[in-house]
Structure formats: C-alpha cells, structure tokens
Amino acid sequence: MQLPVQTPGVPFDVGASRQHTAKRRTAVQQEVVRLLDDLAPASAPARRSALPVAVKAYRWPNRCILQGAARAISVSWFPGYQDDESLGELLVISWRGTVSLPGSGQRGSEEAVAVTQLLLHLEPMSFDGWEWRTAAHDVAAFGTSALAEYCRGQVAALDGATPGR
C-alpha cells in the first residue's frame, strides 16, 4: 500500500517555474551583451565606429568603459543570484577624469570622480522586448538602443565632442 505524498506550500509546477526563470535570465544576458556590443564591440566592427575618434572603448565580459579626453562613462552589469528573483542590475556612471583600467598601473593626469550614477534593472515589456528602468521609476525607461545612445551622448557631451552617428 502506498501513501500519498504531500508537499504543503510547494506549487505543482516548480519545474516549469524554474524553466521560465532560466529562460528569462538567458534573455536578460543576451540583452546585456547586445548593449555592451553596441557600446564597445568585443571585436573591431567592420562598419565605421559610432564613437567620436577621441573616445576609446574598453570591453570586458560584463562591463565596458567609454573614455574621452577628460570624461568617461562606465557600464557594469551585476547578474542576480540564481535563487533570487532579481535578474540583475546595470550601473551606469559618468566620470570626470580618466578612469584607470583594471590591471593597469598607469594613472591619468586627473583622478576620476563620479559625477552621476544610474542603477537600472531590466523589465519585460508587453510586446517589444525589454526596457531599462530605475527601481523608483524616477527616470524615463530606456530601450537597449536608446540606452546605448544615451551613454554615447553623455561621454560626447561631457567632452564637448559630437557623436559619430
């Protein structure tokens, strides 16, 4: 004789929920890579760069830095924990000065100072992919392409250059 197994408080579709979360995490990671590739491609693009000549782009797997003559923008992705409902956070910082690169002993003439910060989360849109929003929703939401344009515009405006697009 077999007794029925009861698991109070555990939904029947735990496997389906985990699969849905895994798919969302994969989609979010793809969106982050799309943003970073737009700002600082991992390999040199065949097309003309969208950045002014005076702006250098540096890239790592989950972040990039756009460095102008006197200003910079850093974009860093911090993925959420596996057991956490958060999908992760994107930190966009505008800097005055030269940002030192990881592993580099070289320092700029002026120490970098953070001017502004945006902490963004990705939220699904009903039909058209994802949008980047602040937790307080106090800043207009960005699509990924619009966020890349915003970042390029910030470093160009901060340096007095005009974007190359």
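Values as computed for the structure displayed
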| read-out | value |
| --- | --- |
| Strands (runs of 3 or more DSSP E) contained in region 1-116 and holding at least 1 residues surrounded by fewer than 16 Cβ atoms within 10 Å (Cβ to Cβ) and either at pLDDT below 90 or of a type outside the set (Val, Ile, Thr) (or both) | 56-60, 71-79, 88-96 |
| Lone unmet requirement of (1) of a type in the set (D, E, K, R); (2) modelled with pLDDT of 85 or more; (3) closer than 19 Å to residue 22 by Cα for residue 133 | (3) |
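The values are calculated or read from the model by the stated rules, or taken from the named source; none is laboratory data. Treat the numbers as computed from the prediction; the structure is a model and nothing was measured. FYI the Cβ positions are ideal-geometry reconstructions off the backbone, even for glycines, and counts take in every protein chain you see.
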